[in-house]
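A short worksheet on the structure shown next.
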Amino acid sequence: MSNIENNLVRVRHSIAQSALDAGRNSNTITLLAVSKTKPAEDIEAAVKAGQFDFGENYLQESLVKMAQLQSHPIIWHYIGAIQANKARVIAENYAWVHTVDRIKVAERLSCYRPSNMLPLNICLQVNIDGEGSKSGCQVGELEALVKAVTELPNLHLRGLMAIPRPGSGAEPFRRLAQLRETINKTLDIPLDSLSMGMSQDLEQAILAGSTIVRVGTAIFGPRAQVM
Ligand SMILES: *Cc1c(COP(=O)(O)O)cnc(C)c1O
């Protein structure tokens, strides 16, 4: 087996084990393989091992790889920072966007989503640590953003996403799960997804209810420093 194939087996096993510990069915958890900075050959090796969801952060780089991998039935997820002037390219090329944190970007994604494609699946990124990072909406802004996004015709609001500060434990994951509960109950908007957990903390995220873990290093190995 290739390294990537081996790593995928290991990551899937740890997802299954965490699901078991949490008393959850592991088929409610999607493994998103984060392939930023990695070549198309690495993605192809993962596809051969049965992996079809891939996450990318850098738009130019991802478009090149998409062209190289056209013949594979890959589901592409955008998980990078979004500049409003890049919304069109994202809307035209991706199936999911996990990092929507403001209405202007959501409006543009909906506006530019081609009518012959399914609605774009959206997770709203929440700044769950407060001042911990710059990206993500504040918790207090979330309700208005949820309401606005559900009104947009070419978006399908699926859930919430967060990138807690490394080493902050299970607490931020529990808070994000609680926010989803609150939205489901008080706004009666059924969000089915919680995009949380990476290589270092996927177990804790699954225990707190994650439905999409975004895993790079544990599958593809360490990344060279970028920019
Ligand atoms: C790079 C990245 C990941 C993957 O991180 P690893 O620690 O390599 O698993 C997950 N989510 C986002 C948003 C990322 O940018």
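The values are calculated or read from the model by the stated rules, or taken from the named source; none is laboratory data. Just so we're clear, the structure is a prediction, and the values are computed from it rather than from any experiment. Positions of Cβ are backbone-derived with ideal geometry, glycine not excepted, and every protein chain shown enters the neighbour counts. Surface accessibility is based on the protein's heavy atoms, side chains included, excluding ligands, DNA and RNA. Shrake-Rupley method; radii C 1.70, N 1.55, O 1.52, S 1.80 Å.
Remarks
- Solvent exposure of the chain as accessible area per residue, Å², 1.4 Å probe: 49 Å²
- For the stretch 183-227, the orientation-averaged shadow of the C-alpha convex hull comes to 4.7 nm² (one quarter of the hull surface).
- Along each principal axis, Cα extent of the chain, largest first, Å: 48, 40, 32
- Relative contact order of the chain, pairs being alpha-carbon contacts under 8 Å that are 6 or more residues apart, as %: 21 percent
- If you bin all the Cα-Cα distances of the stretch 103-219 at 5 Å, starting from zero, the percentages per bin are 2, 11, 22, 22, 19, 13, 8, 2, 0.
- When you filter the GluC sites (Glu not before Pro) in the stretch 121-198 for DSSP loop state and at most 14 other Cβ atoms inside 10 Å of their Cβ, you are left with E151.
- Its residue count N sets the reference 2.2 N^0.38 Å, and the alpha-carbon radius of gyration of the stretch 18-111 equals 1.20 times that reference.
- For the chain, a simple Cβ point-charge model (Lys and Arg +1, Asp and Glu -1, everything else neutral) yields a dipole of about 220 debye relative to the Cα centre.
- Surface composition of the stretch 182-227: carbon plus sulfur atoms hold 56% of the accessible area, using a 1.4 angstrom probe and ignoring ligands, DNA and RNA.
- Annotation for the stretch 113-151 versus the stretch 27-83: alpha-carbon center distance of 21 Å.
- Based on C-alpha pairs under 8 angstrom that are at least 6 apart in sequence, the stretch 2-125 has a relative contact order of 18 percent.
- Computed packing ranks the peptides 66-73, 104-111 as 104-111, 66-73, most packed first, by mean other Cβ atoms within 10 Å.
- Theoretical FRET efficiency, 1/(1+(r/R0)^6), r = Cβ-Cβ of S135 and K104, R0 22 Å, to 0.05: 0.90
- At 0.692 mPa s and 37 °C, Stokes diffusion of the stretch 26-68 via Kirkwood alpha-carbon radius, µm² per second: 300 µm²/s
- Whole-number D in µm² s⁻¹ for the stretch 109-173, Kirkwood Cα-pair radius fed into Stokes-Einstein, 37 °C, 0.692 mPa s: 251 µm²/s
- Protein accessible area in the stretch 31-105, 1.4 Å probe - carbon and sulfur %: 51 percent
- Our estimate of slack between L118 and N184, defined as 0.36 nm per intervening residue step minus the Cα-Cα distance, is 21.4 nm.
- Fraction of accessible area attributable to carbon and sulfur, the stretch 136-181 (%, probe 1.4 Å): 50 percent
- Helix-derived mean residue ellipticity, 222 nm - over the chain, DSSP H n ≥ 4, -39500 (n - 2.57), to 500: -11000 deg cm²/dmol
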